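This report refers to the structure that appears directly beneath it.
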Amino acid sequence: MDDDEYKLVDTPLCRKIRRNRTFVLVHIYRGEADSDWTLEVEDEKGGSTVWTETFISDKAALTEVMSVIEEEGIETFMVEEKRTLH
């Protein structure tokens with residue numbers, strides 16, 4: 001492994017969320033040397049929504065995605081290609 005390789009750290013808060021017959025995979029990660037967390041939601045077909053803003057904690061990122069699901073519905077993450085949100 002190259003010492004200059006960028007290493008990612010996943011939080012244990014990553015999870016699969018199911019509502020009705022739909023599910024998404026929530027990925028929360030950061031660079032090994034970074035302090036802020038990135039939030040990405042992958043739909044069941046592999047489409048991806050990535051927040052452009054980062055979060056000060058993995059819990060804040062999870063709270064954000066749960067709020068979006070509660071307010072807008074899980075279907076808001078059903079995409080056919082990568083996109084950014086917020």
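The values are calculated or read from the model by the stated rules, or taken from the named source; none is laboratory data. The structure presented is a predicted model; accordingly, all values stated were derived computationally and were not measured. So basically every Cβ, Gly included, is an ideal-geometry build from the backbone, and we count neighbours across all protein chains shown.
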Checking V79 against (1) modelled with pLDDT under 90; (2) out of contact with any strand residue (DSSP E or B) (no Cβ under 7 Å at 6 or more places or on another chain), the condition it does not meet:
(2)
Can you pull out the residues in the stretch 39-62 that are without any contact (Cβ under 8 Å) to a residue 24 or more places away in the chain, closer than 19 Å to M78 by Cα and not charged (D, E, K, R)?
G46
Has the stretch 65-72 got at least one residue that is free of Cβ contacts under 8 Å to residues at least 60 places away in the same chain and not in a helix (DSSP H, G or I)?
no
Identify the residue in the stretch 2-38 that is in contact with a helix residue (DSSP H, G or I) (Cβ under 9 Å, 6 or more places away or on another chain) and loosely packed, with under 10 Cβ neighbours inside 10 Å and, among all such residues, is nearest to T76 (Cα to Cα).
N20
